[in-house]
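Colleague: Pasting a structure below so you can have a look.
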Amino acid sequence: MNFWLIIFWTFLSTSLSYLKVKYNYWDLKGIKQLKPHFIWGNLAKLKSLDHRYFMQEVYDAFHKQAKVAGAYIFTKPIAVILDLEVVKTLLIKDFDKFSTRLVYHNDKDILSRNFFNLEGVEWKPLRNTFSPTFSLEKMKFIFPTIKRIAENCLQAYEKCLEEAEDLNITDLNDRYVTDITGEVLLGLECNSLEDPNIEFRQVCRKMLRRSNFNIRWHIFKHTYVNIMKYFGHKNISHCIETFFRDTVCTNIKARERQAIVRHDFVDILLEMKTTTDMNLSYEDLASQLFIFFVAGFETSTATMSNALFELARHTQIQKKLRKEILKVLASHDNELSYEALMEMKYLDQVINETLRIYAPLSYLQRIASEDYQIPHTDIILDKGTEVFIPVRAIHYDAEIYKNPHEFQPERFSTHEVAQRHSQAFLGFGDGPRNCIGMLYGRIQVKLGLVMLLRHFRFTHSQKTCQEIEFSNHQFGTVPAADIYLKVEKLEGMC
């Protein structure tokens, strides 16, 4: 009996001593930290995959008194960057020391072998190879396809208005982005705007809208990546992997065999496959297309829906934007061309303000590849330290944006932007590892909004939520429930 009691007390005291050391990591470095529980650390703060509450609490507690603050995800210390000049240094000037993200991937997950997940040394050649895929020239190449799908979206809205005036805009926008993603990125004719029950859309929703899992266990898997790799954990289910890989590979091979040209990303990738020195297999191409799909799908759907929600709430802003749209189109013989779209500057301001309030990612994450001293401080981040940049908290800082919860597109006028720090807006990240598909994403959102606002008026109704609530089960900022708006056809619009 005494023997087991000794074992128990030895285990308990050893564990408590270990946790005491772990949870004093930042104190020992002289860095302010979010006070941890002596056993659980900051576990109680891990309420969502996007860490929006966690990052906000750290930012609110320390941003006026420190450039860097510490916190803990389980027992792992993380550094939260609170100073915009330090953010700029890490993302741009000293990017080579923070070029890696801690994102789960292993060789058993075929679709995880994409440049978003790769470490700095492996990432750079792939990024350089794929960057031309999203060039201005390539975007003009696929513009007609996106425009045609935007016209289909308009018809879908009109069809739904025959049955009701309160429409589920989340569902309609989701189908619009599904068709663009399927046709432009993957070379598949989806037609979910006509048939919302098609297989491709159901697989997309199954993969991206999961909520039947424990949030903290999911965070654990993405925090202790090496442990999960050791046990051979697969992050993507076999059925989804098989569907995506087989669908993409079959389509690519058919294109090559039949010399089909469809003005989409598959055409661009096939051209790149034959004109670059990189030995890209069909599975490599499928993996890259997979990350373009995942990164852009929810972001574009949410941005369109969030923008319409705010425009419906602020009808004067909606009128101002519609006036710009009609004026620009009139100067282009009412033809919605790429050049006309690029002239709509207030539309850009509306989208940027939407991305400020509803940032696609609540934080950016990097890993220190070597011991790093924060400029003009005595703070040294050890090699391997996870660094978090609290994007959403920065976007809601009242010292940067007056009345930050209010929707004010004028914040992004040329004059206003020039008055702020360059890192005050991180809707697409920044530096060499920013969002590679930024232009592509903006084009599909802008085309969708122009097509809809040109023909419809949006207002809130009794079915509209007062504020958008967001899912705790997504790494991105995704609405937890569908958004309904009252939609009215504008008379005399062509």
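Colleague: Please report the base-10 log of the normalised intensity I(q)/I(0) for the chain, using a Debye sum with one equal scatterer per alpha carbon and no solvent, at each q in 0.05, 0.08, 0.09, 0.10 (1/Å).
Modeller: Relative scattering, expressed as log10 I(q)/I(0), comes to -0.21, -0.53, -0.67, -0.82.
Colleague: Starting from the residue with the highest accessible area, list PHE74, PHE8 in decreasing order, probe 1.4 Å. All intermediate terms of the calculation are to be shown ahead of the outcome.
Modeller: Values: PHE74 40, PHE8 105 Å².
Largest accessible area first, the residues go PHE8, PHE74.
Colleague: Ignoring ligands, DNA and RNA, please state the percent of accessible area on the chain from carbon and sulfur, probe 1.4 Å.
Modeller: Details: 12390 of 22920 Å².
C and S fraction of accessible area: 54 percent.
Colleague: Something else: With a 1.4 Å probe and all protein chains in place, put SER237, SER48, SER461 in order of accessible area, largest first. Could the numbers behind the result be given before it?
Modeller: Values: SER237 50, SER48 0, SER461 30 Å².
My answer, sorted largest first, is SER237, SER461, SER48.
Colleague: Mean Kyte-Doolittle of at least -1.0 plus a Cα span of 27 Å or more along the axis: flag which DSSP H helices in the chain meet both, please.
Modeller: Details: long enough: 2-22 (30 Å, 0.89); 136-161 (37 Å, -0.01); 238-258 (29 Å, -0.70); 282-313 (46 Å, 0.53).
What comes out of the filter, once short or polar helices are dropped, is 2-22, 136-161, 238-258, 282-313.
Colleague: Round to the nearest 10 and report in Å² the accessible area of ASP482, as given by a 1.4 Å probe over the protein chains' heavy atoms.
Modeller: For ASP482, solvent-accessible area is about 80 Å².
Colleague: Something else: On average, how much accessible surface per residue is there in the chain, in Å², for a 1.4 Å probe, leaving out ligands, DNA and RNA? Please report the intermediate quantities before stating the final value.
Modeller: Numbers: 22920 Å² over 494 residues.
Spelled out: the 1.4 Å probe surface of the chain, per residue, equals 46 Å².
Colleague: From the protein chains alone at 1.4 Å, what is the descending order of accessible area for TRP26, TRP217, TRP4, largest first? Show your work: numbers first, answer last.
Modeller: On the way: TRP26 0, TRP217 125, TRP4 170 Å².
Result, largest first: TRP4, TRP217, TRP26.
Colleague: Also, quick follow-up: Counting Lys +1, Arg +1, Asp -1, Glu -1, what net charge surrounds GLU335 among other residues with beta carbon under 15 Å of its beta carbon?
Modeller: Residues near GLU335 contribute +1 overall.
Colleague: Quick one: 3J(HN,Hα) in Hz for the range 404-420, Karplus 6.51/-1.76/1.60 with θ = phi - 60°, rounded, Gly and Pro as x.
Modeller: x, 7, 8, 8, 9, x, 4, 4, 9, 5, 4, 5, 5, 4, 5, 7, 9
Colleague: In a shell of Cβ-Cβ distance under 12 Å around ASP397, excluding ASP397 itself, what net charge do Lys and Arg (+1) and Asp and Glu (-1) give? Don't jump to the answer; show the numbers that get you there.
Modeller: Numbers: positive: LYS64, ARG356, ARG392, LYS402, ARG420; negative: ASP60, ASP83, GLU399.
Within the 12 Å Cβ shell, the charges total +2.
Colleague: Given the whole protein assembly as supplied and a 1.4 Å probe, what does the accessible area of CYS153 come to in Å², nearest 10?
Modeller: 0 Å²
Colleague: Quick one: net charge around LEU426, please, counting Lys, Arg +1 and Asp, Glu -1 for every other residue with C-beta under 10 Å from its C-beta.
Modeller: Numbers: positive: ARG356, ARG392; negative: ASP430.
Summing Lys/Arg as +1 and Asp/Glu as -1 gives +1.
Colleague: Considering lysine pairs in the range 315-406 that are 8 or more places apart or on different chains, how many have Cα atoms under 30 Å apart?
Modeller: 9
Colleague: Using modelled backbone amide H atoms (1.01 Å from N, in-plane), which distant-in-sequence or interchain residues come within less than 5 Å of ASN42's amide H?
Modeller: The answer is HIS37, TYR72, PHE74.
Colleague: Could you compute how much accessible surface PHE220 exposes when probed at 1.4 Å, giving the result in Å² to the nearest 10?
Modeller: 60 Å²
The values are calculated or read from the model by the stated rules, or taken from the named source; none is laboratory data. Predicted model, so just to flag it, every value in this text is computed and none were measured. Neighbour counts run over all protein chains shown; Cβ positions are idealised from the backbone, glycine included. Ligands, DNA and RNA are stripped out before the accessible areas are found, and what is left, the full protein with its side chains, is counted by its heavy atoms. Shrake-Rupley method; radii C 1.70, N 1.55, O 1.52, S 1.80 Å.
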